[in-house]
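The structure appears below as C-alpha cells.
The values are calculated or read from the model by the stated rules, or taken from the named source; none is laboratory data. As the structure is a prediction and not an experimental result, all values here were calculated from the model. With ideal geometry, Cβ positions are generated from the backbone for all residues, glycine too; neighbour counts draw on all protein chains shown.
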Amino acid sequence: MAALIAALIGLLILTALVYDITRLFGCDEPRRPPLARLRGRRAALEAAELRVVGLRLHHRLDAGAYQQRMSSLSHGRRTPAHPASTMGGRPG
C-alpha cells in the first residue's frame, strides 16, 4: 500500500515537472486571452469612447478629431495614432 501511494506521488510530481517544462518552452501567451482580460479591455475601450463622445458633445473636439479618435478606438487603440488638433483651448 505504501508503495502504491509513493508511486502515485511520484507520478504527480513527474506530471507537474513535465507540465512546467512545456510551459517554460511553449509560447508566452495563450491563443485566446482570459475572459477577465477581455472584459477589462472592452470596458477601457468603452470608457474611452464615452470620453470622446463627451468631448464632442461639449464642442471640445472638431469633427475630424472625433472621427480619427473613434477610428482608433474601433481598431482597439485607446489613444489616437496621430493626435488631431482640438478646437480652441480650455475655457477659462
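Tabulated values for the structure
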quantity	calculated
Residue identified as of a type in the set (A, V, I, L, M), surrounded by 10 or more Cβ atoms within 10 Å (Cβ to Cβ), at pLDDT 85 or above and assigned to a loop (DSSP other than H, G, I, E, B) among Leu14, Leu61	Leu61
Residues being out of contact with any Leu (no Cβ under 6 Å at 6 or more places or on another chain), modelled with pLDDT of 90 or more, surrounded by fewer than 17 Cβ atoms within 10 Å (Cβ to Cβ) and not β-branched (Val, Ile, Thr) - total across the range 42-58	5
Residue pairs meeting the criteria (Cβ under 7 Å; at least 6 apart or on separate chains; first on the phi < 0 side of the Ramachandran plot and touching a residue at least 12 places away in the same chain (Cβ under 8 Å), in the range 5-23; second of a type in the set (Phe, Trp, Tyr) and loosely packed, with under 10 Cβ neighbours inside 10 Å)	none
Restricting the range 21-41 to residues that are surrounded by 10 or more Cβ atoms within 10 Å (Cβ to Cβ) and over 30 Å from Arg78 (Cα atoms), the residue that is modelled with the lowest pLDDT	Arg23
Check on Ile9, at pLDDT 70 or above, assigned to a helix (DSSP H, G or I) and surrounded by fewer than 10 Cβ atoms within 10 Å (Cβ to Cβ)	no
